[in-house]
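Since the structure comes first, as structure tokens, the remarks are kept for the end.
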Amino acid sequence: MGKSASTTAAAALVLLLFFISPSTAEIKTLSITSDTRPMILLEKFGFTHSGHVSIAVSSVSVVASGGSQPDPSRLGFFLLSEESLLQVLTEIQQNPSFCVLDSRYTMHLFTFRKLSPPPAATANYTYPVTIPNEYSIFFANCAPETSVSMLVHTELYNLDADSEHSRDYLSAGQTHLPTLFSLFSVAYFAFLALWIYICYSNKLSLHRIHLLMAALLLMKALNLLCAAEDKHYVKVTGTPHGWDVLFYIFQFIRVVLLFTVIVLVGTGWSFLKPFLQEREKKVLMIVIPLQVLANVASVVIGETGPFIKDWVTWNQVFLLVDIICCCAIIFPIVWSIRSLRETSKTDGKAARNLAKLTLFRQFYIVVIGYLYFTRIVVFALKTIAAYKYQWVSNLAEEAASLAFYVVMFYMFRPVEKNEYFVLDEEEEEAAEIALRDEEFEL
């Protein structure tokens, strides 16, 4: 390999291992066509002491630009732990022509030397993983200017502690996810039942936004239910059996509803005013199409895996869209706070406006806290947690989401005498003084 190719390979290795999250299924058939990349990341999996990796390749075709056949020992598969990543990168930087298959830090599987003779050109091997860890499975192409085409079938699993013949196809850090998602799904269904009861008991104070919030709870509960079934079937069989399709559908509807509810609540739609201003409509027109794009990126990330050439790009698209949407939904809340502050000077209802201002400020803090925790803190947990405890980041994310839903729904619940909107004369006078003090401070 040339120096530029080695540098590119090292950079791609770092990026892929940084972005990758465990995929939807652990039994996969990957189609690689005329690929010249020096390293291709196939999967990432957390193995226990009873882990196994099975790789079958078929329809192998190797084409060199010079016409000569490359050394088959220069093309092969290996495992790499994250602890060994830096050592491998150092070796590549010190020696631009270094082949990663020669590294003592990699766990060799097999090279193309073990393929059956053409035209069959197939191989099928299963290896025990004796040292528990999280490993990335790579295909290395150390033959310069050589393209490879093949079908790769991988099966990654750990043997159950209760039965040596029972396979667990979920990574060691994800084996508890079916139970985790099931429990949170039950919690949201109970939450939905309570919300319906509250809405039914306060029909006179019910607004359209409350019905939309009920739909959001239903989609969140169904999304978690499908996630639980998805992970359960992957754990038992290695494939989701179609539950991933339902998961993506409910995830898309749930995310669109969540951002829409936050925007509508943040603008005071339905319970404070029956209309949206033009700029608020534009926010929704931006957020919803972006969520469509984010959902497409999510499907590509989850269903294809890191072996495709544009996988990192799709990850970057998803992250960029998510950041834009998170920023966009903050603006309507800020506009409401600014509007209430200006209105409080003119309409003579100081207490009511001060109460609304307090409410929207609190909601602003809650939204910011939710976005910060689920985007930054959860990501940090995924990064620093040991591979056996990857489920902790999922637990933290779902717990934060449930807490956010509870706070938001409590703040904007349908009640006849809302503490923010029903105030007496003494509170009115106190609010006028408070608003004057606030204007003085500003």
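The values are calculated or read from the model by the stated rules, or taken from the named source; none is laboratory data. All values derive from a computational prediction rather than experimental measurement. We place every Cβ from the backbone using ideal geometry, glycine too, and count neighbours over all the protein chains shown.
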Conditions (1) loosely packed, with under 13 Cβ neighbours inside 10 Å; (2) part of a loop (DSSP other than H, G, I, E, B); (3) modelled with pLDDT under 55 -> Lys417 fails only (3)
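Going through region 1-49 one residue at a time, which ones are in a loop (DSSP other than H, G, I, E, B) and at pLDDT 80 or above?
Of region 1-49, the ones in a loop (DSSP other than H, G, I, E, B) are 1-2, 20-26, 36-38, 48-49.
Once the filter is applied, which keeps residues that are in a loop (DSSP other than H, G, I, E, B) and at pLDDT 80 or above, region 1-49 yields Thr36, Arg37, Pro38, Thr48, His49.
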Across region 192-215, what is the number of residues that are at pLDDT 95 or above, touching a Leu at 6+ places or on another chain (Cβ under 8 Å) and surrounded by 18 or more Cβ atoms within 10 Å (Cβ to Cβ)?
-> 2
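Could you tell me which of the residues Pro118, Pro144 is in contact (Cβ under 8 Å) with a residue 40 or more places away in the chain, outside the structural domain of Trp391 (by TED's automatic domain parsing) and not hydrophobic (A, V, I, L, M, F, W, C)?
After ruling out the rest, the residue left standing is Pro144.
Considering region 242-271 alone, what residues qualify as being of a type in the set (Ser, Thr, Tyr) and either in contact with a Gly (Cβ under 6 Å, 6 or more places away or on another chain) or assigned to a helix (DSSP H, G or I) (or both)?
Looking only at region 242-271, we keep the residues that are of a type in the set (Ser, Thr, Tyr), and these are 248, 260, 267, 270.
Answer for region 242-271, where residues must be of a type in the set (Ser, Thr, Tyr) and either in contact with a Gly (Cβ under 6 Å, 6 or more places away or on another chain) or assigned to a helix (DSSP H, G or I) (or both): Tyr248, Thr260, Thr267.
Criterion first (of a type outside the set (Gly, Ala, Ser) and assigned to a strand (DSSP E or B)) does Tyr135 satisfy it?
Working: of a type outside the set (Gly, Ala, Ser): yes; assigned to a strand (DSSP E or B): yes.
The answer is yes for Tyr135.
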Can you tell me which residue among Tyr248, Tyr188, Tyr233 is more than 23 Å from Pro414 (Cα to Cα), touching a helix residue (DSSP H, G or I) at 6+ places or on another chain (Cβ under 8 Å) and at pLDDT 90 or above?
-> Tyr233
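On the given criteria, is Tyr169 of a type in the set (Phe, Trp, Tyr) and out of contact with any helix residue (DSSP H, G or I) (no Cβ under 9 Å at 6 or more places or on another chain)? Full working, then the answer.
Working: of a type in the set (Phe, Trp, Tyr): yes; out of contact with any helix residue (DSSP H, G or I) (no Cβ under 9 Å at 6 or more places or on another chain): no.
Taking the combined requirement at face value, the residue does not satisfy it.
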Scan (1) part of a helix (DSSP H, G or I); (2) in contact (Cβ under 8 Å) with a residue 24 or more places away in the chain for the single condition Ala214 breaks and write down its number.
-> (2)
Out of all the residues in region 50-70, which are assigned to a loop (DSSP other than H, G, I, E, B) and modelled with pLDDT of 90 or more?
-> Ser50
Just one of Gly51, Gly46 is buried (at least 17 other Cβ atoms within 10 Å of the Cβ), in contact (Cβ under 8 Å) with a residue 12 or more places away in the chain and either in contact with a Gly (Cβ under 6 Å, 6 or more places away or on another chain) or on the phi > 0 side of the Ramachandran plot (or both); which is it?
-> Gly46
Scanning region 333-354 for residues that are under 18 Å from Met408 (Cβ atoms) and either buried (at least 21 other Cβ atoms within 10 Å of the Cβ) or modelled with pLDDT under 70 (or both) gives Ile333, Ser336
